[in-house]
Amino acid sequence: MKITIINKEYDINSQELNLIYNQLKSLPIEISNFCNLQKLHLSNNQLQSLPNEIGNLRNLKTLSLWSNNLQSLPAEFGNLINLQNLTLSYNKLQSLPAEFGNLINLQILHLYGNQLKTFRLKFVI
């Protein structure tokens, strides 16, 4: 099965999806159909938010979201328990959801260039 994003078809069995530099303002909820996805590259777009369905990508290991307009992350973001590498730099994040602490496999986290006022994480082990 294939899904069309920005006028291009992508196989839902893909393990990597590269959508950088596309001026995306939103991510379709159909992104959750990519259940085998391990790497998702969404940098240099105009994303202001992520759909709650992003939390269904439980096999995701790398997520790149730098240089967007994200102001917050959905609580479902905490479901990405296999995430190892996360880049959120150069957004407009002011805080992170409490569920962020569920990302127990996270090894690399880039947050520079945001508007974070506090940074408190409680990791559940």
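None of the figures in this text is laboratory data; all of them are computed from the coordinates on show. None of these values were measured; they are calculated from a predicted model. Note that we place each Cβ from the backbone using ideal geometry, even for glycine, and neighbour counts take in every protein chain shown.
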Subject >> Sites matching chymotrypsin sites (Phe, Trp or Tyr not before Pro) across the range 1-82 that sit in DSSP coil, with at most 15 neighbouring C-beta atoms within 10 Å >> reply: Y21
Original post:
Once label points are set 7 Å from the Cα along Cα→Cβ at both C35 and A75, what is their separation, rounded to one decimal in nm?
Top reply: 2.4 nm
Original post:
In whole Hz, what ³J(HN,Hα) sequence does the range 85-96 give by Karplus (6.51, -1.76, 1.60; θ = phi - 60°), x for Gly and Pro?
Top reply: 10, 10, 10, 10, 5, 6, 10, 10, 5, 9, 7, 10
Subject >> 3J(HN,Hα) from dihedral phi, the range 14-22, Karplus parametrisation 6.51/-1.76/1.60, rounded to Hz, x for glycine, proline >> reply: 4, 9, 9, 9, 10, 10, 6, 6, 10
**OP:** Report the label-to-label distance for T118 and S49 in nanometres (one decimal), using points 7 Å from each Cα along the Cα→Cβ vector.
**Re:** 2.3 nm
Original post:
Mean separation of Cα pairs under 8 Å and 6+ residues apart, divided by the residue count of the chain: what relative contact order is that in percent?
Top reply: 18 percent
Original post:
Name the residues of the range 29-72 whose amide N is less than 14 Å from a point 7 angstrom out from the Cα of L111 along the C-beta direction?
Top reply: 72
Original post:
Given that just one value was derived from the coordinates, which of [x] 13.7, 39; [y] 15.3, 52; [z] 13.7, 43 is Rg and Dmax of the Cα atoms in Å?
Top reply: [z]
**OP:** Pull out the extension gain between E16 and N85, defined as 0.36 nm times the separation in residues minus the alpha carbon to alpha carbon distance; nm, one decimal.
**Re:** 23.5 nm
Subject >> Greater than 25 Å apart at Cα, pairs in K8/K92; K61/K92; K61/K117 >> reply: K8/K92; K61/K117
**OP:** Under a cut-off of 20 Å between alpha-carbon atoms, report the aspartates and glutamates in cross-link reach of K25, not counting same-chain residues fewer than 8 places apart.
**Re:** E9, E53, E76
